[in-house]
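The values are calculated or read from the model by the stated rules, or taken from the named source; none is laboratory data. Bear in mind the structure is a predicted one, so any value in this text is a computation, not a measurement. Backbone-built Cβ (ideal geometry, glycine too); neighbour counts: all protein chains shown. To get the accessible areas, we keep the full protein, side chains included, count just its heavy atoms, and leave off ligands, DNA and RNA. Shrake-Rupley method; radii C 1.70, N 1.55, O 1.52, S 1.80 Å.
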Amino acid sequence: MKTLVLWGDGGVEVARARHEEGAFLLLWDGDHSPALDAAGIPYRPAASLTANALDAIDEAAMAWTKEWGRRPLLDGRSFRELFAWKGVSLWWFAELYLHHSTDAPRRVRVIESMHRILDAEAPDEVDTVGLSPEDTVLVERTCTARGVLFLGPRRLRHFPAAGRVAAVVRSSRWNAAKALLTAAKARLAGSPPAPPESAAPTVLFLSHAAFWRARAEGPAEEYEHYFDRVIPEAAGLGLRPFVVAVGPRAAFRTRGRREEMAEWLRLGSSRDPYVHVNRYSDRRVHREVRRATAMIREGWERLRRSPALADAFSHRGVAFADLAEADLAGTMLLQLPWAVRCYEEMAAVLASVRPAVVCLYAESSGWGRAAVAACRAASVPTVAIQHGIVYPKYYSYRHAADEADAPVPDATALFGASARRLLIHLGHPRPESLVLTGSPRFDELLERARSCDRDALRRRLGAAEGQRLLAVASRFRAIRDTHSAIGTAFPSLVRAVRALGVRCVVKPHPAESPGEYLAATGLSDPAIEVLSPSADLLDLLIACDALATVESLSAVEALVVGRPLVILNMPTHLGALVDAGVALGVDAGADPTDALRRALTDAETRNALQHARALYLDELALGVDGQATRRIVELLRATAAAPMAPFPGNS
């Protein structure tokens, strides 16, 4: 009789007793391994049984989300068919929330992992100690589906959901109140400005307010992180730029109550380099959002009582509909009214500005999809600019053969051939619209590297003469559980830096604060400096001898400027760079000291990385010839002049 105990946190003595009884301990959470190690209690990490199946588990979660939108839920119709706004299926917004902002895909991953654990261990009975209530329920139900005796707690059969659903309903009503206040504020501010009279075609740049920042040097002006060079180039080549921004001025992770209140009280200023989209949230927009919200709430009331939900919220014979009531409520009551508001605000922008073409980034996000859908309805073509790394598990870029009506841009400007191949592989509906242009930011990086005083930059960053300088640029915390971040690897990186005697400069992500880095390094560590999140990353990349990151576009930028690259916490979405030989990889939990030493000081390793980079760079960054901005502007001009491509979503 084999007893498998999935161990969370139940105390060392209890673990020892279970081991002495002959049970096999499988550690559910790696954070509790030090206590068992210190006590000498044998165990296996659960992660060791699923390590080779992580991609398959993620694929199962993504496939589950896609399939959820196709399942018949009411009267034989799927979510994609049931809920639409002005000819646009609201599923294109619901799927993003369901996949990224609810626990439903995580539950699928737990179920998939548990099936693999049962396959590998073949126990006669399973017990759990110290797992979360929800994981305990999922383990129990997976065992039941497999015919394996479950010995764990039984008191969790009925998972309370009413409180969570009520919280979602309250948030929904608060969002409706905020929409009304936004409309009132827009009315007080008066009509938004229009583009100046000109015979030139207008290019509407759709930006995010948080990505406008002041230049560290040069003229006292603000610039947009992704459109910096494109906007003036468009003006210089016969187009008329007009910028509209969405979202708060402060990034969500760094925005406190003070910034939030200031944002609410601010009506906008003629000194702003953009017009905020809220200025267009007029009475018509508010009326349409109210109408859509009433329709969505009525649909939610019908759908939440549908017997089909029990089958929809299940995976491999394991049901979890009782755990997912708040997920359905959030998807419908929070995401869908917001999506309609984005669509209607964009429609108002288009009616006021009357652009010949719209240029945007983050086009596969909720706001991006709403903007593209509104442009399609208004017969305004769209051009998206790649703004980050495209990776194989990028959910919002995945489109099946039956998703030709998904809102995608008329053209997309891409860094290089690898991004184009990957988007085609992920199912991009119109491969011919994917245009290789390179990146203006890469061009700027090389221009600055040629013109700047690198020695002066290194001195400014605290590197002594002859001392190696390591740059670190990554998110400290992952934006979601499908991504990796540097937080768990940072303590070992700090120890490696101290052991190697190198200088280390950390550039936090713009959406994060430096506090967690400072706490991990010590406020007075002479070897490590944590910069402001607004510091110029390009200067740091030029000055450094190597870059350490986890998942960041800075990895590609380091390759552009010829700096050795170390990817921590592998596997990550940057694994392809390690496979191609242009980066060194360090597995999660491993000591990075040797990889950092080789990247910083070993001539043979650095030469091998440079050789691989020379062969691979065009895959990531087309040309790097200073002409990317011009190619993008020419694409904007050509798209503005071309007739609109047929789109299945338009009638």
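If you rank I479, I567 by how much accessible surface each has, with a 1.4 Å probe, what is the order from largest down?
On the way: I479 75, I567 0 Å².
If we order I479, I567 from most to least accessible, we get I479, I567.
Please report, for the Cα atoms of segment 455-514, the Rg to one decimal and the Dmax as a whole number; what are they, in angstrom?
When restricted to the Cα atoms of segment 455-514, Rg and Dmax are 13.4, 41 Å.
Mind checking the alpha-carbon convex hull of segment 1-148 and giving the volume per residue in Å³?
Working: hull volume 17.6 nm³, N = 148.
Dividing the Cα hull volume of segment 1-148 by its residue count gives 119 Å³.
How large, in Å, is segment 412-525 by the Kirkwood hydrodynamic radius built from its alpha-carbon pairs?
Working: mean 1/r = 0.0570 Å⁻¹.
The Cα-based Kirkwood calculation yields 17.5 Å.
Only bridges with both residues in the chain count here: give the DSSP antiparallel percent, nearest 5.
Rounded to the nearest five, the antiparallel share is 15 percent.
For the chain, calculate the relative contact order in percent as a whole number, restricting contacts to Cα pairs under 8 Å that are 6 or more residues apart.
Working: 1073 pairs, mean separation 80.4, N = 651.
For the chain, the relative contact order is 12 percent.
Based on the alpha-carbon gyration tensor of segment 330-429 and its eigenvalue square roots a ≥ b ≥ c, which shape applies: rounded if a/c is under 1.5, prolate if not and a/b is larger than b/c, or oblate? Working shown, then result.
Numbers: a/c = 2.02, a/b = 1.34, b/c = 1.51.
Judged from the Cα gyration tensor, segment 330-429 comes out oblate (a/c at least 1.5, b/c at or above a/b).
Carbon and sulfur together cover what percent of the accessible area of segment 65-221 at a 1.4 Å probe radius? Mind dumping the intermediate values first?
Working: 3960 of 7230 Å².
Its accessible area is 55 percent carbon and sulfur atoms.
Using the alpha-carbon centroid of each, what span in Å lies between segment 436-451 and segment 144-215?
Taking the Cα centre of segment 144-215 as reference, the centre of segment 436-451 is 35 Å away.
Rolling a 1.4 angstrom probe over the protein chains, ignoring ligands and nucleic acids, what is the accessible area of E512 in square angstrom, nearest 10?
10 Å²
Tell me the volume per residue, in Å³, of the convex hull enclosing the alpha carbons of segment 525-651.
Numbers: hull volume 24.2 nm³, N = 127.
Once divided by residue count, the hull of segment 525-651 is 191 Å³.
For E604, E444, E13, E634, give the ranking by accessible area with the largest first, probe 1.4 Å.
Largest accessible area first, the list is E604, E13, E634, E444.
Please report Rg over Rh for segment 72-140, where both radii come from the alpha carbon positions and Rh follows the Kirkwood definition. Show your work: numbers first, answer last.
Working: Rg = 17.6 Å, Rh = 14.9 Å.
Rounded to two decimals, Rg/Rh equals 1.18.
What trypsin sites (Lys or Arg not before Pro) does segment 265-362 have in DSSP loop regions with at most 15 other beta carbons within 10 Å? Don't jump to the answer; show the numbers that get you there.
Values: sites: R266, R271, R279, R283, R284, R287, R290, R291, R297, R302, R304, R305, R316, R341; in loops: R266, R271, R304, R305, R316.
Hits after loop and neighbour filter: R266, R271, R304, R305, R316.
Counting pairwise Cα distances across segment 376-421, what percent come out greater than 18 angstrom? Intermediate values should be presented prior to the final figure.
Working: 388 of 1035 pairs.
Of all Cα-Cα distances in segment 376-421, 37 percent exceed 18 Å.
Could you pull out the GluC sites (Glu not before Pro) across segment 170-224 that fall in loop regions by DSSP (anything but H, G, I, E, B) with no more than 11 other Cβ atoms inside 10 Å? Don't jump to the answer; show the numbers that get you there.
Values: sites: E197, E217, E221, E222, E224; in loops: E197, E217, E221.
Passing sites in segment 170-224 are E197, E217, E221.
For the chain, what does the convex hull of the Cα positions come to per residue, in cubic angstrom?
Details: hull volume 110.4 nm³, N = 651.
About 170 Å³ per residue, rounded to a whole number.
In segment 427-532, which chymotrypsin sites (Phe, Trp or Tyr not before Pro) fall in coil by DSSP and have 13 or fewer other Cβ atoms within 10 Å? Mind showing how you got there, number by number?
Details: sites: F442, F476, Y517; in loops: F476.
For chymotrypsin sites (Phe, Trp or Tyr not before Pro) across segment 427-532 that sit outside H, G, I, E and B with at most 13 neighbouring Cβ atoms in 10 Å, the list is empty.
Counting heavy atoms of the protein chains only and a 1.4 Å probe, report the per residue accessible area for the chain as a whole number of Å². Please list the in-between numbers first.
On the way: 28080 Å² over 651 residues.
Result: 43 Å² per residue.
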